[in-house]
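Structure, as structure tokens:
The values are calculated or read from the model by the stated rules, or taken from the named source; none is laboratory data. The model shown is predicted, which means the values in this text are computed figures rather than measured ones. We place every Cβ from the backbone using ideal geometry, glycine too, and count neighbours over all the protein chains shown. In case anyone asks, the SASA skips ligands and DNA or RNA and just uses the protein heavy atoms, side chains included. Shrake-Rupley method; radii C 1.70, N 1.55, O 1.52, S 1.80 Å.
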Amino acid sequence: MNMKRCFLVILLGALAWAAMADTPVPMRRFALVAGSNDGGTGRIRLKYAESDARSFAAVLQELGGVRAEDMVVLASPDLGKFEDGLGRVAQMVKSPRPTDERRELVFYYSGHSDDDGLILGKDRFSWEDLRGQINGISADVKVAILDSCSSGSLTRAKGGVARPAFLFDASADMKGYAFLTSASAEEAAQESDKIGASFFTHFLITGLRGAADTMGNGVVTLNEAYAFAFKETLASTEKTQYGPQHPAYDISLTGSGDLVLTDLRSASAGLTVAEEVGGRLYIRDSQGALVIELNKTEGQKVDLALAPGTYSVLLDNEGKRLAGTVRVSARQRGMVVLASLHPAPVDRATARGGEPSASSRPSEPVVDAGPPESAKVLGAAVGAAVGSALGSAVGSAVNAAIVAAAAATGAKAVPPAPPPDEPANLPDAAPAPETARAARPPKPRPVSFSLFPDLSGGVYNNQEDRLVSFNLLVGSSSSSLAFEVAGLANFESHDVRGFQGAGLLNSVLGDLNGFQGAGLVNNVKGDAKFAQSAGLLNIAGSMVGAQLAGLANISAGQMTGVQAAGLFNVSSQETRGAQVAGLFNVSSQDARGAQVAGLFNWTTSGITGAQVAGFANWGGSVTGPQISVLNIADSVSGAQIGVVNIARHVSGTQIGVLNFSDKIDGVPIGLLSFELQGRHDLDVWVDMSGESTAALSFGTKHLYTVFSAGWLPGSVPALWTMGLGIGGRSDLGPLFLDYDLSWVAQSLDQALATNAGMGSMYPRLRAVVGLPLSNWFAIEAGVTLRMLIPYVSDSLYGTADSSKTLFQPGFIVGVKI
């Protein structure tokens with residue numbers, strides 16, 4: 001017996017010890033996040049270091065367990081601010097803590113560095129000092145992540161030997177550090193315009209949002225995040241001009257378990273990529289920023305943690321490209337399946353660090369800066385003064401002649417052949433030499449005058465680059481590099497930089513960087529930057545700047561800036577800025593800014609900004625106001641203001657005559673507000689006088705519009721009432737309280753019988769307490785108060801003094817269905 005008792009005690013003790021070991025240890029995590037684009041004199045200013053830091057800070061708050069008050073974020077800090085930030089975080093970690101609480105530090109830096117340390121503008125902070133200060137902070141665990149050139153110098157002294165990691169595990173004795181760097185000690189860290197971030201941070205954040213969760217357990221560990229970022233960074237930089245980039249590490253952590261960096265289960269919204277989807281997957285938010293990029297293996301499901309919103313999806317599977325959009329919210333997880341995708345039609349890196357020498361670093365990318373800035377300014381000024389007037393006058397005079405000449409020569413547009421040695425599908429590779437242009441003059445012609453152009457080979461046949469060009473009738477060249485004006489038309493087979501003006505037409509097969517002014521049409525096959533102004537039509541591949549036309553503006557790609565037209569604007573991809581048109585605006589993907597039209601606005605995906613139209617607005621996900629006669633949206637975060645408002649989900653306000661929604665988190669104001677998930681009840685009651693009243697109420701759970709009709713049996717002449725009012729509901733435990741104020745009109749027959757005309761109206765206040773007996777039936781009882789007002793309710797006073805307001809209380813009982 002004693003042996004059995006002893007065995008039982010040992011067993012219970014073991015179970016108790018195991019239960020204690022599995023109890024999560026309280027943990028509090030602190031963070032210092034810094035980003036600096038400024039590398040000081042003589043170094044290229046970075047584009048994305050500070051935005052990388054903001055993105056990483058957002059992930060820590062959303063998924064990494066860091067509270068806002070436990071984080072210090074520094075943008076472009078000098079040495080003093082950087083040291084102050086380290087000191088503030090050290091004090092936070094050192095503050096009093098519960099005895100069983102483990103504290104951890106996450107340090108992140110994105111910016112310039114070299115072999116000696118971080119470069120903070122004109123200041124430096126050595127690797128030795130950085131490592132010493134981080135190690136001096138009294139956190140149990142310290143994780144440092146550096147995305148900068150030669151950042152591997154921080155880790156190479158320790159050799160980088162991986163040991164088991166941990167974080168949200170059950171053990172309390174785990175201590176140590178982990179240093180992750182974006183590049184080795186001899187390498188340049190790189191950022192890309194295509195992804196709008198550095199390679200390393202982009203893929204690290206992608207991994208932390210779920211792409212690195214190889215176990216599929218809803219958490220991303222340090223080892224998983226590093227392995228994903230290493231593989232993707234190396235693959236994406238192998239063919240850039242700076243060469244492959246190898247992230248490095250130095251991990252010294254003791255204890256059991258694995259270091260969890262993000263918990264996907266705590267995300268406010270999520271996206272699942274189905275098992276059937278395979279290939280390179282690109283996911284962009286409503287602003288066009290690339291938030292997720294990964295190689296998705298077919299047969300494996302991937303769960304991603306994202307902020308609520310609408311996302312565009314592009315899948316590239318061995319050259320087959322599929323695209324679609326998906327919406328994620330706190331209420332509904334997004335899903336990417338092959339059936340939701342449709343066929344889609346078929347850059348350059350900057351080093352983060354010191355000045356690369358010819359012997360140790362690749363050469364800087366060669367950028368064609370175009371003509372001198374003074375030439376551009378002069379061209380724009382002269383063109384603005386005389387270009388449009390001269391072009392229109394001369395063009396009108398010789399229009400018929402030049403059209404006939406062009407027809408007789410059989411001129412046709414022949415787009416230039418692409419350079420044969422240009423690498424394909426290498427978005428971040430250095431451009432190959434343009435061998436197709438070897439026969440062209442090495443320098444642009446400074447000044448050119450053209451009276452009667454040779455169009456026998458076609459309007460795009462001239463392969464001459466020109467700096468300043470004056471054309472009486474038609475101008476034709478390879479590229480215009482500062483200023484060009486023509487009486488009738490200009491044709492460029494490549495690019496335009498500076499000013500281009502014509503009486504009728506400007507047509508460019510390449511890109512525009514400057515200003516186009518034409519009396520009729522401007523056409524840019526490539527990308528346009530700055531402005532297009534035409535009397536009839538502007539067309540561009542994508543637009544950054546302004547399109548101004550009397551009839552229409554069309555951007556086949558992304559539109560960033562302003563489209564203003566007398567008739568309509570169309571952007572076939574995302575719009576950032578404003579579309580202003582007399583008739584209608586169309587953005588076939590997300591719009592960010594404002595759409596203002598005389599007739600209607602339409603965006604298929606969503607809009608962040610405002611839609612204002614004379615007749616109708618149609619938007620997918622709308623963040624901001626919709627103002628029109630008719631407003632329609634899938635979801636609205638803001639307000640719909642119009643005659644008829646329709647939305648599936650509203651977070652804000654609907655103001656209109658008729659408001660319809662599936663669900664509204666806010667206040668609808670209107671004659672009829674109908675919420676599918678809200679209130680649509682029938683109340684029937686009887687008061688002490690015997691009058692029976694039926695009322696329909698529509699609205700949200702706590703705010704409704706009520707329509708009532710009453711009748712007093714046996715009254716001669718017949719007494720009936722019609723009422724319209726607004727009310728609210730409050731929950732009282734198992735009971736509810738309804739209260740509403742209605743404006744009631746009594747029967748015309750009764751009013752005529754007393755010779756009072758229409759003076760038979762009064763306000764009525766009703767308050768009832770109800771007891772639900774089922775989901776669709778309740779009994780209720782309460783009081784009413786009629787307020788008879790002089791000159792308005794005269795026919796209802798009877799023998800009372802009709803010069804004073806008369807209050808008539810009553811008691812009612814009824815049911816709610």
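Annotations
- For segment 527-595, the square roots of the Cα gyration tensor eigenvalues, ordered a ≥ b ≥ c, give a/c of at least 1.5 with a/b no greater than b/c, which places it in the oblate category.
- Only lysines eight or more places from K175 in sequence, or on another chain, were considered; those with a Cα closer than 21 Å are K94, K142, K158.
- Label separation (E464 vs W711): 9.4 nm, computed from points 7 Å beyond Cα along the C-beta direction.
- Set of lysines with alpha-carbon distance to K525 below 28 Å, sequence-local pairs under 8 removed: K47, K194, K320, K376, K412, K443
- ³J(HN,Hα), Karplus 6.51/-1.76/1.60, whole Hz, each residue of segment 205-222, x for Gly, Pro: 5, 4, x, 5, 7, x, 5, 8, 6, 5, 7, x, 9, x, 9, 10, 8, 4
- ³J(HN,Hα), Karplus 6.51/-1.76/1.60, whole Hz, each residue of segment 96-108, x for Gly, Pro: x, 9, x, 4, 9, 8, 9, 10, 9, 10, 10, 10, 9
- Solvent-accessible area per residue, Å², over segment 579-655 with all protein chains present [probe radius 1.4 Å]: 33 Å²
- Probe 1.4 Å, accessible area per residue of segment 187-311, Å²: 33 Å²
- The listed peptides 310-322, 583-595, 31-43, ordered by packing as a protection proxy, come out as 583-595, 31-43, 310-322 (highest mean of other Cβ atoms within 10 Å first).
- The spacing between segment 312-343 and segment 530-603, judged by their C-alpha centroids, is 26 Å.
- Shape of segment 446-506, Cα gyration tensor, a/c cut at 1.5: rounded
- Given +1 at the Cβ of Lys and Arg, -1 at the Cβ of Asp and Glu and no other charges, the dipole of segment 531-678 around its Cα centre is 200 debye to the nearest 20.
- In this structure segment 497-557 gives 29 Å² per residue of accessible area when probed at 1.4 Å with all protein chains present.
- In Hz, Karplus ³J(HN,Hα) per residue of segment 285-301 (6.51, -1.76, 1.60; θ = phi - 60°; x = Gly, Pro): 7, 5, 8, x, 6, 7, 9, 9, 8, 7, 8, 8, 8, 5, x, 10, 7
- Antiparallel DSSP beta bridges within segment 523-660, percent to nearest 5: 0 percent
- Less than 5 angstrom separates the built amide H of V562 from those of G545, A546, Q547, A578, all sequence-distant by 5 or more or on a different chain.
- Segment 623-720 - share of DSSP beta bridges that are antiparallel (%, nearest 5): 35 percent
- A full extension of the chain between R97 and K47 corresponds to an added length of 14.0 nm, given 0.36 nm per residue minus the alpha carbon distance.
- Gyration tensor verdict on segment 285-324 (Cα atoms; rounded if a/c is under 1.5, prolate if a/b is larger than b/c, oblate otherwise): oblate
- Chymotrypsin sites (Phe, Trp or Tyr not before Pro) within segment 223-276, DSSP loop, no more than 12 other Cβ atoms inside 10 Å: none
- Rough spin-label spacing in nm, given labels placed 7 Å along Cα→Cβ, for V686 and A767: 2.5 nm
- Whole-percent carbon and sulfur share, accessible surface of segment 496-593, 1.4 Å: 67 percent
- From most to least packed by mean Cβ count within 10 Å, the peptides 492-501, 177-186 give 492-501, 177-186.
- Separation of alpha-carbon centers, segment 191-224 and segment 50-88, rounded to whole Å: 19 Å
- The H on the amide N of L259, modeled in the peptide plane, is under 5 Å from the matching H of A165, F166, L167, L222, N223, each at least 5 residues off or on a different chain.
- As a calculated quantity, the FRET efficiency between A694 and A344 at R0 = 41 Å, using C-beta atoms, amounts to about 0.15.
- Inter-probe distance in nm under a simple model that places probes 7 Å from Cα toward Cβ, at V657 and K81: 5.5 nm
- Ordering of 259-266, 282-289, 540-547 by packing [mean C-beta count within 10 Å, highest first]: 540-547, 259-266, 282-289
- Near S450, the amide H atoms lying under 5 Å from its own belong to F470, N471, L472; only residues 5 or more places off or on other chains count, and H is placed 1.01 Å from N.
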